[in-house]
Amino acid sequence: MRRDIVVYPDPRLAVTCRPITDFGPDLKALADDLYETIKAAPGVGITAAHVGVDLRLVVLDLPQLGGRRDFANPEILSASAHTMEHGEGSVSMPGAIETLERPAAIRLRYADLSGASHEIDMEGFPAICMQHEIDQLDGIFWLQRLSRLKRDRLVRKWEKSRPGRKA
């Protein structure tokens, strides 16, 4: 079921999400909902926080990962010193994009939807996406990674372009 996406500056986007402890059918249903939501958005990554649920769940849909991948309780174990720049945005702030610099590769620990633990190396765009989504799980909206000048300019531009905005 497609869910409504929380829109910036909703305070739920600043909440640190709780670790997942119940790996039952409700978690699988939430992951399926997130996948349907991101496909409709459209986008390539989403967290439970984006739909107002404060659980540490990420769904990515990237060809580099073989399509849909679900990550419960993702944790970055290490990050490369080498960085890369990439345009980032959020389903919670559609149309707003700005370039950020992040480590180009990470080592990630996560659980699958059954609770089994895994480790994976990610590089390039998938690594950037995962770092972005983990920030969201930690209550760090991507705008906080921008300089104040870039952030203020982007927010003003985005607010002017929002459908249904107050004049």
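The residues in the range 90-122 that are more than 24 Å from P42 (Cβ to Cβ) and without any contact (Cβ under 8 Å) to a residue 24 or more places away in the chain can be counted, and the count is 6.
What about I46, is it part of a loop (DSSP other than H, G, I, E, B) and surrounded by 15 or more Cβ atoms within 10 Å (Cβ to Cβ)? For I46, the condition - part of a loop (DSSP other than H, G, I, E, B) and surrounded by 15 or more Cβ atoms within 10 Å (Cβ to Cβ) - is not met. Of all the residues in the range 89-110, those that are among the hydroxyl-bearing types (S, T, Y), within 26 Å of D152 (Cα to Cα) and either surrounded by 16 or more Cβ atoms within 10 Å (Cβ to Cβ) or within 14 Å of the chain's Cα centre (by Cα) (or both) number 2. Would a scan of the range 55-72 turn up a residue that is modelled with pLDDT of 95 or more, surrounded by fewer than 16 Cβ atoms within 10 Å (Cβ to Cβ), on the phi < 0 side of the Ramachandran plot and in contact with a Leu (Cβ under 6 Å, 6 or more places away or on another chain)? No, the conditions are met nowhere in the range 55-72. Listed by position, the strands (runs of 3 or more DSSP E) contained in the range 53-167 that have at least 1 residues being under 29 Å from P25 (Cβ atoms) are 57-62, 67-79, 83-90, 105-111, 117-123.
Looking across the range 1-29, just one residue is part of a loop (DSSP other than H, G, I, E, B), of a type in the set (D, E, K, R), farther than 11 Å from S92 by Cα and out of contact with any Ser or Thr (no Cβ under 6 Å at 6 or more places or on another chain), and that is D22.
The values are calculated or read from the model by the stated rules, or taken from the named source; none is laboratory data. Being a predicted model, the structure only gives us computed values, none of them experimental. Note: ideal-geometry Cβ built from the backbone for every residue, glycine included; neighbour counts use all protein chains shown.
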